[in-house]
1. Give me the one-decimal nm value for the distance between modelled label points at residue 206 and residue 177, 7 Å along each residue's Cα-to-Cβ direction.
2. What do you get for trypsin sites (Lys or Arg not before Pro) in the stretch 211-288 restricted to DSSP loop and a cutoff of at most 15 other Cβ within 10 Å of the site's Cβ?
3. Taking the Cα centroid of the stretch 1-51 and of the stretch 64-117, what is the distance between the two, rounded to the nearest whole Å?
4. Report for the chain the percent antiparallel among DSSP-assigned beta bridges with both residues inside it, nearest 5.
5. Given the stretch 1-136, what percent of its DSSP beta bridges are antiparallel, to the nearest 5?
6. Relative to the present Cα-Cα distance, how much length would full extension add between residue 339 and residue 81 at 0.36 nm per residue of separation?
7. Which whole-number percentage describes the relative contact order of the chain, with Cα contacts under 8 Å and a sequence gap of 6 or more?
8. Can you pull the one-decimal nm distance between simple spin-label points at residue 359 and residue 138, each 7 Å off the Cα toward Cβ?
Amino acid sequence: MTNWPDVATRHDPWDVIVLGAGPAGSIAARQLALNSYHVLLIEKSRIPRFKVCGGCLSGAALDVLAEVGLGDLPKKCGGVTFQKMRLASCGATAEIDIGERIAVSREALDAALVEEATNAGATVCTETTGSVQSSDDAGSRSVLLRRHGVAVAVRAKAVVIATGLVSCSPEIQTKISPNSWVGLGAVTGPVFNDSAPGVLHMAWGAAGYVGIANVEDSRLDIAAAVNPRALAAATSPGELISQILADSGLPVFVKLGDAIWRGTPLLTRHSLPLASRRCLLIGDAAGYVEPFTGEGIEWAMRSAILASTFLKSGLDQWNQPSLDHWHMLHERAFGGRQRQCRRVVTLMRNKTVRRVALWSLQTAPRLARPFVQRLDHLN
Ligand SMILES: Cc1cc2nc3c(=O)[nH]c(=O)nc-3n(C[C@H](O)[C@H](O)[C@H](O)COP(=O)(O)OP(=O)(O)OC[C@H]3O[C@@H](n4cnc5c(N)ncnc54)[C@H](O)[C@@H]3O)c2cc1C
């Protein structure tokens, strides 16, 4: 970007500044730009970038993309369709039907979403970090942007915070669950000797769980949620992942030595308030459970659509009732589902529950269907 920082000061104020170009931020920026708002989308990384994530788009996530006219995007990115999940724990395995899903690496998906936001008219600045400033005037909110050592203050009538698990506003408090696990991820070459492309493998051991899916270019995306104490005790992330796979009994030909592992902060959290002084939180920035039920990308995109609809009703209505209204909308859309996922994850940490679940699924795999459907389409 040769015209930095002029590009960021093109409008004063911008209608909306969106911080973070994951699925939440890019979809929010795109939807607002399509409605002729002046939108600045800020992303701290260079795009494409790796993100610890299984990259599995649930049926509901595919529905969201279709709703905004991007239904064919995952396939265009080379995403791999799968319908089955092979679940392994305590030496037992069960294969269940989970409906059509698509796995795609986050490098490819997020880069494609940023491109869609650009095509819609949003101005995008990558390799730029944004932080919301405490000072503001009545009609706008100030954001400090830093890029390659050059800082510039810009203003917007609304700021959408979509920075994932990274905080960027002084007035948002994030509460992290004391039992939270951390994420680990890598994208590597094939490691399964029976690597069926249409099957998502999920292995659960004492120290955490690991999901493995084929993504574009015949690569495998490995994503895990692990107990941070077990990670600290292991000699390397790869050793811990191998141990979880071995514990679970998943038949694997493990060749994880070359994988480059990246981690996340503690996962389970919620932020408050969800809206304050011309700022709205969406996606993981608003709160996050663990990834076991595979819904984070859908929630991120759904909350982006909700935010763009909310902002379209007026960029200048920032009184307490409207902040409360955003909180209520968010809670109604996601609160119940997140609590349900939290219960599932808590239950699955118990070895006896996992044994019973595996036995039940082996005996009657159809038992999983209503549960999967409920998680996928409960609103
Ligand atoms: C191990 C693991 C596996 C998962 N597997 C799945 C799965 O299979 N399916 C699924 O649906 N979900 C999965 N998830 C969840 C999913 O990854 C997240 O819910 C989703 O990425 C949230 O999107 P987001 O846009 O809110 O945040 P993110 O995707 O985290 O994007 C936030 C962006 O903000 C940028 N950023 C941060 N701070 C700043 C700043 N100050 N200024 C500018 N930019 C900033 C970051 O660089 C990043 O690009 C998984 C998560 C984990 C940890």
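1. About 2.2 nm separates the two model spin labels.
2. Passing both the DSSP loop test and the Cβ count: 255, 277.
3. Taking the Cα centre of the stretch 64-117 as reference, the centre of the stretch 1-51 is 25 Å away.
4. Antiparallel: roughly 70 percent of the beta bridges in the chain.
5. 60 percent
6. 90.1 nm is the gain from fully extending residue 339 to residue 81.
7. Contact order relative to length: 22 percent.
8. In this crude spin-label approximation the distance works out to 6.9 nm.
A short reminder: the numbers here are calculations on the coordinates, not readings from a lab. For clarity, every value in this text was computed on a predicted model and none was experimentally measured. With ideal geometry, Cβ positions are generated from the backbone for all residues, glycine too; neighbour counts draw on all protein chains shown.
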